[in-house]
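Colleague: I'd like to ask you about the structure that follows.
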Amino acid sequence: MKPKYGKKSLLVLLALLDKYANEGIENIEEMSILKAPPLTNYGTPAEIIGAFGGKENYLRAIRELETELYRAA
């Protein structure tokens with residue numbers, strides 16, 4: 001079975017989770033979040049989105065992450 005996300009994508013999702021836990025991100029769907037540390041460690045916004053296979057896939061992954069966060073709450 002092929003993993004759902006590649007290594008870089010997983011690292012980005014984990015960084016978003018950390019940022020959410022530490023700073024309480026209001027809306028992690030904002031594309032501007034990709035220009036803030038520590039996300040900048042993973043490349044430009046275009047490179048990060050490319051790691052997910054495009055903007056649609058990136059946004060889908062973010063929505064899934066939000067769903068899981070709120071389910072756990």
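Each reported figure results from applying straightforward, stated rules to the coordinates on display, with no laboratory input. Bear in mind the structure is a predicted one, so any value in this text is a computation, not a measurement. With ideal geometry, Cβ positions are generated from the backbone for all residues, glycine too; neighbour counts draw on all protein chains shown.
Colleague: Convex hull volume of the Cα atoms in the chain, per residue, in Å³?
Modeller: 90
Colleague: Here's a follow-up. Summing +1 for each Lys or Arg and -1 for each Asp or Glu, what net charge is found among the other residues whose Cβ lies under 14 Å from the Cβ of E47?
Modeller: +4
Colleague: Scan the stretch 1-44 for trypsin sites (Lys or Arg not before Pro) in coil per DSSP, keeping those whose Cβ has at most 14 other Cβ atoms within 10 Å, and list them by number.
Modeller: K4
Colleague: Using the Karplus curve 6.51 cos²θ - 1.76 cosθ + 1.60 with θ = phi - 60°, what ³J(HN,Hα) values do you get for each residue of the stretch 39-47, in whole Hz, with x for Gly and Pro?
Modeller: 4, 4, 5, 9, x, 6, x, 5, 5
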